[in-house]
Structure formats: C-alpha cells, structure tokens
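Enquirer: My questions will all concern the structure given below.
Values quoted throughout were computed directly from the atomic coordinates according to the rules given, and no laboratory measurement underlies them. It should be emphasised that the depicted structure is a prediction, and the values quoted were computed from it without experimental measurement. Reconstructed Cβ throughout: ideal geometry from the backbone, glycine too, with neighbour counts over all protein chains shown.
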Amino acid sequence: MTNMKEMLNDSQLEEVVGGTVRFNGNKMKISFSVTGGVYKLKNCEDSDVLVLVSALYGQYKDAGDVAYENAVKAALQANGWI
C-alpha cells in the first residue's frame with residue numbers, strides 16, 4: 001500500500017488546496033483565507049498534514065469555510081504542529 005506522499009508528485013505536493021486551507025509542503029506552511037493567518041508547521045511530515053487536512057475536509061465540507069478552518073487550526077494546535 002502506498003502512502004499519500006508517494007501517490008503525489010512534487011508539483012502536486014507543493015500546494016494542496018482543501019476548501020479555504022492552503023498547504024505548501026515544500027515550505028511547510030499552511031494558510032487560512034477566511035479566518036486569516038499563515039503558520040509555519042513544525043514536528044510533522046507533509047504527509048501527516050495532508051492526511052489531516054483531507055480527513056477534516058471530508059467531515060466539514062458541508063459545515064462552511066469558517067467551521068472547516070477552525071477545525072483544521074484546532075487539530076494542528078492539538079498535535080503541536082503550529
């Protein structure tokens with residue numbers, strides 16, 4: 001079984017957009033367009049962030065941008081990644 005990082009090539013991994021959350025795996029930064037803010041990620045791998053952002057997008061896709069962004073920020077903080 002391949003992981004998500006292996007399935008994506010470098011250009012695809014460079015910037016993944018999920019709703020209003022933008023993640024740049026090369027720079028390890030994540031930004032939020034509705035609630036605002038750009039954060040440098042730490043203590044994680046790009047694949048960890050991709051899995052988290054994708055899973056939360058599936059859970060919050062009908063809840064709206066603010067709810068999704070807040071859930072992503074809270075999860076990143078809980079994991080100690082921002």
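Enquirer: If you scan region 60-73, which residues turn out to be free of Cβ contacts under 8 Å to residues at least 24 places away in the same chain and either in contact with a helix residue (DSSP H, G or I) (Cβ under 7 Å, 6 or more places away or on another chain) or closer than 18 Å to Lys29 by Cβ (or both)? Steps first, answer last, please.
Expert: Here is the first cut: in region 60-73, the ones free of Cβ contacts under 8 Å to residues at least 24 places away in the same chain are 62-64, 67, 71.
Hits for region 60-73 are Ala67, Ala71.
Enquirer: Okay, moving on. Any idea how many residues of region 44-58 are among the charged types (D, E, K, R) and either under 15 Å from Lys27 (Cβ atoms) or in contact (Cβ under 8 Å) with a residue 40 or more places away in the chain (or both)?
Expert: The qualifying residues number 2.
Enquirer: Still on this structure, I have one more. Give me the residue from region 40-72 that is surrounded by 16 or more Cβ atoms within 10 Å (Cβ to Cβ) and closer than 11 Å to Ile82 by Cβ and, out of that set, farthest from the chain's Cα centre (by Cα).
Expert: Leu41
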